[in-house]
Amino acid sequence: MTVRMVDLAAQWRSVGDDVLRATARVGNSGWYILGPEVTSFEQELSGWFGRAHVAGCASGLDALELGLRAAGLRPGDHVLTTPLSAFATTLAIIRAGGVPVFVDTDARGAIDLERCADLLSRDERIRFLLPVHLYGCPVDLDGVERLATAHDVTVVEDCAQAIGAVSGGRPVGTVGSAAGVSFYPTKNLGALGDAGAVVAGDPSVADLVRSLRDYGQTAKYRHDHLGANSRLDELHAAILRSCMLPRLSSWTARRTQLADRYRELLTGSALELLDVPEGATCVWHLFPILVRDARSRDDFRRHLRDAGVETAVHYPTLIPDQAALRHVAGWRVVGRLTRATDRAARSVSLPLHPFMSTEDVDVVVAAVRSWQP
Ligand SMILES: *Cc1c(COP(=O)(O)O)cnc(C)c1O
């Protein structure tokens, strides 16, 4: 018996019959890409976010790239972002022609808004801010909005891990000019393959994404933009809308229940837990903890593995330290990345997914508690 990080086979046992019905519906329709299923999914997701416009696309990476372009990013624009995220966050900036600028994170591992404020008041070249709602925990949306207004920067939110998270009464994805969502299978709302979406308040942003995702067409065989092929399949849209989205609230509630149990049972242990900000609702895409001493992390993970508990690290390497950035001009780190470096060295993610049992949590907690650093 292993307590796994994710269990998509268990998800299939729950949704499989519905997925087969959706598959038959799409197969019988004879229409497989960008059709009525995509439109219905976009409409339902828009209601879910409480934001007027959604444009589906092929991945979370594409959603961020096309979202940045549709929100007005021009090649050479500087984009302030976090060093601690999936590489896709920065890759999207670079692919859109932007220049990433990194500042340190706060105590929770999200971009430090005070550092952002300080830098934005000194550097007028920075035109965009790309915060990541990491682990499913929202960045302070009021704070982001204040920064955007005070310094006239355009915000694009990375909501890949945080669908449904709330800050100050507002869901993530509602403050930026655009927000990117990923439906990678392991995300809180996952397809059976790759898919993504851009959420936007302004119809012109969503319209531009719709053009960019389809070779930059604005009408049949008329290409006003240099776009991509980032179309969303009818099949993924049908599965997401009719099988996954209706279950998202109960899956999130289950994640929260399990996270609460972890938090109750691990308080007072040798591990640091994520401190959820006041007035925020976290959707627990991941359950990260910090070991006291970075040098003991491998031993901690080995101990858990031997007790039948999978773990992961999100993320072991900061984005500015990735070799791929050697081929990119102009990007920079401002100040020291002390907190981000520390978190990358000490972080461990414990298993958390909606198909875990309460007993699974107890197995993990017992393994954690029996570890001698
Ligand atoms: C998964 C993820 C992405 C990229 O999404 P894909 O669908 O895999 O392209 C971007 N940012 C973050 C924070 C993610 O977790």
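A short reminder: the numbers here are calculations on the coordinates, not readings from a lab. Computed from a predicted model, the values in this text were never measured in an experiment. As a convention, Cβ positions derive from the backbone with ideal geometry for all residues, glycine included, and neighbour counts pool all protein chains shown.
Odds and ends about this structure:
- 3J(HN,Hα) along the range 136-144, derived from phi through the Karplus expression 6.51 cos²θ - 1.76 cosθ + 1.60 where θ = phi - 60°, amounts to x, 9, x, 5, 4, 5, 4, x, 4 Hz, with x in place of Gly and Pro.
- For the chain, the cysteines with no partner cysteine C-beta closer than 4.7 Å are 57, 116, 159, 243.
- Cut-off under 5 Å, modelled amide H: who pairs with residue 85 long-range: 319
- Percent of Cα-Cα distances greater than 18 Å, calculated over the range 1-140: 69
- The alpha carbons of the range 309-361 give a radius of gyration and a Dmax of 16.2, 50 Å, in that order.
- Applying a DSSP loop filter and a limit of 10 other Cβ atoms within 10 Å to the chymotrypsin sites (Phe, Trp or Tyr not before Pro) in the range 139-243 leaves 221.
- Mean Cα-pair separation over length for the range 191-315, i.e. relative contact order, pairs under 8 Å, 6 or more apart, %: 15
- Neighbours of residue 227 by Cβ distance under 13 Å: Lys/Arg scored +1, Asp/Glu scored -1, total +1.
- Value at 222 nm in deg cm²/dmol, rounded to 500, when DSSP H runs of n ≥ 4 in the chain each add -39,500 (n - 2.57): -12000 deg cm²/dmol
- Remark: the range 243-253, residue by residue, has Karplus-estimated 3J(HN,Hα) of 10, 8, 4, x, 9, 4, 4, 6, 5, 5, 4 Hz, where x stands for each Gly or Pro and the curve is 6.51 cos²θ - 1.76 cosθ + 1.60 at θ = phi - 60°.
- Compactness of the chain was expressed as the Cα radius of gyration divided by 2.2 N^0.38 Å, which yields 0.98.
- Three-way shape call for the range 111-237 based on the alpha-carbon gyration tensor, with the a/c threshold at 1.5: oblate
- Principal axis dimensions, largest first and in whole angstrom, of the range 175-214 by Cα: 30, 26, 8
- Annotation for the range 224-247 versus the range 125-141: alpha-carbon center distance of 24 Å.
- Mean-square fluctuations from a GNM of the chain, with a 10 angstrom spring cutoff on Cα atoms, peak among 75, 138, 171 at 75.
- Compactness ratio for the range 249-373: Cα radius of gyration over 2.2 N^0.38 Å (N = residue count) comes to 1.19.
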